[in-house]
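Participant: Below you will find the structure I want to go over with you.
The values are calculated or read from the model by the stated rules, or taken from the named source; none is laboratory data. On a predicted model such as this, the values are computed, not experimentally measured, just so you know. For neighbour counting, all protein chains shown are included, and Cβ atoms are generated from backbone atoms with ideal geometry for every residue, glycine included.
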Amino acid sequence: MPVGRRIYQKVDRPDPSLVERFANIPVTNISDVLGGMACVDSGIRPLNNVNLAGTAITVKAPFGEGTFLFHMALDIAQPGDVIVVDAGGCTERSVGGEGMMLYARNKGIRGFVVDGALRDSGATSELSDFAVYTKAIQGNAQKAANTGEINVPVSIGGVVVFPGDIIRGDEDGIVVIHSYDAANVIDEVETFAEKDREKNQQSGDGTLDHSWVRKVFEEKGFEFLDKAWDEE
């Protein structure tokens, strides 16, 4: 088996109903439950205002290459998938553009997440049902297909993504839920999200008890002094 030239066509996907349970929960809530370690780097930003929830089809592209691998991944992907491209963070050669977005959307693919560059950014504003996240916009394209792999573990913005992981994205970025964790954390995520909504409601209507903040500092040994810093 040629290392660096492997294309795995089988992906173990979580149940679609489990993916949908994550779909309307904010990225921030999921991240908090996962210990604040599951969001990709802040440099990978949305190009349009479309929520994203789907299962990862991964692409490992060599630095400066990857377009043809991306095309191959589109044909392997199924409805409900998200194409996740590890392009090594290369921002001077794009791995895809408008035609690939339209092809993917028509297949039922949920969106793209690219640790690298895309082009045709203006076209994304017209896509109301297809999410696009990328590190950069670059008009110069990649063409070569000398090496690279599909559906292997990849690194996206400092987070490891395995094929079949759940990818959730909103205006705050991308959070990765490993498929082996998803069923174990979803109840906690939903409970946390409901409590957060209640807290925000109380913050807005002035009924939130904020006394816990002082207690935290007191428990850590902070001293509260009823005088200015330069008073004797």
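Participant: Counting just the residues of the range 97-133 that are of a type in the set (S, T, N, Q), touching a residue at least 24 places away in the same chain (Cβ under 8 Å) and not in a loop (DSSP other than H, G, I, E, B), which one comes out nearest to residue 65 (Cα to Cα)?
Facilitator: Residue satisfying both the conditions and the ranking: 121.
Participant: I would also like to ask the following. Being under 12 Å from the mean Cα position of the chain (by Cα) and in contact (Cβ under 8 Å) with a residue 12 or more places away in the chain: is that true of residue 82 here?
Facilitator: In short, yes.
Participant: With respect to residue 173, is the statement that it is surrounded by fewer than 23 Cβ atoms within 10 Å (Cβ to Cβ) and in contact with a strand residue (DSSP E or B) (Cβ under 7 Å, 6 or more places away or on another chain) true?
Facilitator: Judged against the criteria, residue 173 is a match.
Participant: Out of contact with any Lys or Arg (no Cβ under 9 Å at 6 or more places or on another chain) and of a type in the set (Asp, Glu): which single residue out of 198, 149, 190 fits that description?
Facilitator: 198
Participant: So, of the residues in the range 80-127 that are of a type in the set (Lys, Arg) and either touching a strand residue (DSSP E or B) at 6+ places or on another chain (Cβ under 6 Å) or surrounded by 22 or more Cβ atoms within 10 Å (Cβ to Cβ) (or both), which turns out to be modelled with the lowest pLDDT?
Facilitator: In this case the residue turns out to be 93.
Participant: Okay, moving on. Please note which strands (runs of 3 or more DSSP E) are completely contained in the range 146-232 and include at least 1 residues that are charged (D, E, K, R).
Facilitator: On the way: elements: 154-156, 159-161, 166-170, 173-177.
By residue number, 166-170.
Participant: Name the residue that is nearest to the chain's Cα centre (by Cα), counting only residues in the range 13-41 that are within 26 Å of residue 101 (Cβ to Cβ) and assigned to a loop (DSSP other than H, G, I, E, B).
Facilitator: The qualifying residue nearest to the chain's Cα centre (by Cα) is 40.
Participant: Applying the selection to the range 128-149, what residues are buried (at least 19 other Cβ atoms within 10 Å of the Cβ) and within 18 Å of the chain's Cα centre (by Cα)? Let's see the steps before the verdict.
Facilitator: Residues of the range 128-149 that are buried (at least 19 other Cβ atoms within 10 Å of the Cβ), as a first pass: 130-136, 138, 142, 148-149.
If the condition is that a residue be buried (at least 19 other Cβ atoms within 10 Å of the Cβ) and within 18 Å of the chain's Cα centre (by Cα), then 130, 131, 132, 133, 134, 135, 136 are the ones that fit.
Participant: I've got another one for you. Going by the structure shown, is residue 136 among the small types (Gly, Ala, Ser) and touching a residue at least 24 places away in the same chain (Cβ under 8 Å)?
Facilitator: The answer is yes for residue 136.
Participant: Here's another thing I want to ask about it. Restricted to the range 42-74, and to residues that are hydrophobic (A, V, I, L, M, F, W, C) and farther than 18 Å from residue 100 by Cβ, which residue is surrounded by the fewest Cβ atoms within 10 Å (Cβ to Cβ)?
Facilitator: 63
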